[in-house]
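The block underneath contains the structure these notes are about, expressed in structure tokens.
The values are calculated or read from the model by the stated rules, or taken from the named source; none is laboratory data. Here the structure is a predicted model, which means the values were calculated and not measured. Note that we place each Cβ from the backbone using ideal geometry, even for glycine, and neighbour counts take in every protein chain shown.
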Amino acid sequence: MVDPTTNTFPVLPEELRKKLRTAHATYNVDFLDQAKQLLVRRQRFEDRRRKRLETRFAKGSDHIISKTPVLISKKRRMRDPIQLVHRKRLPPQPRCSECNVRLDGNLETSPLSAAVLEPKSTVVSAPVCVGCDRLYTLASNEEEKQNITRWIVTGQLPKSIDVKLLKPIDQFMSVEAAAEVLLTQAESFYDIAAGPLPVFFHQDELRQLYRENGCKDSILKHEVYWPAALDGAATYAHIEFDNVQPLWTMTNDDDFYSIKNMQIISKALKTVKKNSRLDELEQWLNGFLHTKRQMQMLREYT
């Protein structure tokens with residue numbers, strides 16, 4: 001707890017400070033400094049509020065004994081009943097120009113439904129949600145945007161893209177390379193000097209996951225491909241491996257990089273999800289698919 005007499009931030013346990021340093025290095029955000037600034041702003045607000053109450057009391061507001069509501073003005077005190085103010089109806093919340101979701105999210109509770117004021121993608125226009133903006137950063141023109149949308153909705157690649165059948169040894173080497181990348185990320189996440197390290201997934205487990213899954217996106221159920229198998233720029237259909245749990249809701253460090261938290265996912269959905277919760281990704285995807293399928297049916301009947 002914060003000491004109200006000294007207005008100082010408490011000394012945090014070493015374990016918590018370690019997690020804050022890890023979060024600072026991962027997201028480039030100093031959460032401890034933000035908390036201190038929040039404390040200072042809160043204290044200033046309380047000081048201004050106390051001064052206003054003291055000023056109001058000094059002006060003699062305690063001598064008003066009538067039960068009639070009183071309006072206080074700078075020039076005089078009026079003993080007229082307070083008139084109700086009829087508020088105008090608030091304007092409707094804006095919706096995403098791509099998936100039509102209400103832009104009522106924020107970066108803490110619903111990051112994919114938050115509004116983007118300046119989209120990074122060149123093929124979308126504001127207002128747009130974070131999810132659609134992230135997705136369409138993979139497209140450089142309108143044709144690629146339509147190809148990405150068609151693949152997410154139907155799982156079909158354009159006819160102009162050739163898919164090569166990789167040999168088993170090529171698939172083996174690709175899974176091995178992906179495992180090396182994930183293990184490097186896992187080792188950099190933990191403090192090796194503090195040790196001992198938790199038990200990470202094994203390459204054999206990742207290969208078994210690849211075989212059992214049939215090389216399909218665990219959410220879309222569409223087939224995903226190794227980069228060497230695609231003759232074209234369809235990077236959105238590339239295979240990726242992802243941690244199911246997000247970094248900031250991690251409950252057990254020991255099993256974060258275990259095989260039970262691994263899933264096969266397309267590059268398109270990995271680009272959208274990043275470190276968001278899995279249920280948040282599924283919620284965004286349901287709204288995206290519903291809107292795009294309705295638009296497809298409308299085009300077919302017109």
Scanning the range 143-179 residue by residue, the ones that are outside any loop (DSSP other than H, G, I, E, B) and without any contact (Cβ under 8 Å) to a residue 12 or more places away in the chain total 8
Note on I219: of the conditions (1) surrounded by fewer than 18 Cβ atoms within 10 Å (Cβ to Cβ); (2) at pLDDT 90 or above; (3) in a helix (DSSP H, G or I); (4) among the aliphatic types (A, V, I, L, M), unmet is (3)
Of Q208, Q185, the only residue that is outside any loop (DSSP other than H, G, I, E, B) and more than 30 Å from K19 (Cα to Cα) is Q208
Margin query: Looking at the structure I just gave you, is E118 in a loop (DSSP other than H, G, I, E, B) and surrounded by fewer than 16 Cβ atoms within 10 Å (Cβ to Cβ)?
Written below: yes
Residue within the range 184-195 that is β-branched (V, I, T), in the same structural domain as A229 (by TED's automatic domain parsing), under 26 Å from the mean Cα position of the chain (by Cα) and closer than 24 Å to K273 by Cβ present
yes
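Yes or no, residue by residue, for (1) modelled with pLDDT under 50; (2) outside the structural domain of V272 (by TED's automatic domain parsing); (3) surrounded by 21 or more Cβ atoms within 10 Å (Cβ to Cβ); (4) assigned to a strand (DSSP E or B):
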{"residue": "K75", "(1), (2), (3), (4)": "yes, yes, no, no"}
{"residue": "V85", "(1), (2), (3), (4)": "yes, yes, no, no"}
{"residue": "L107", "(1), (2), (3), (4)": "no, yes, no, no"}
{"residue": "Y136", "(1), (2), (3), (4)": "no, yes, yes, no"}
Checking L71, L53, L39 in turn, the sole residue that is of a type in the set (A, V, I, L, M, F, W, C) and modelled with pLDDT under 75 turns out to be L71
Within the range 15-35, of all residues that are touching a residue at least 60 places away in the same chain (Cβ under 8 Å) and loosely packed, with under 14 Cβ neighbours inside 10 Å, the one farthest from D191 (Cα to Cα) is T26
Note on the range 114-162: residues within 26 Å of E223 (Cα to Cα) and of a type in the set (D, E) are D133, E142, E143, E144, D162
Counting only residues that are more than 20 Å from the chain's Cα centre (by Cα) and small (G, A, S), the range 19-44 contains a total of 1
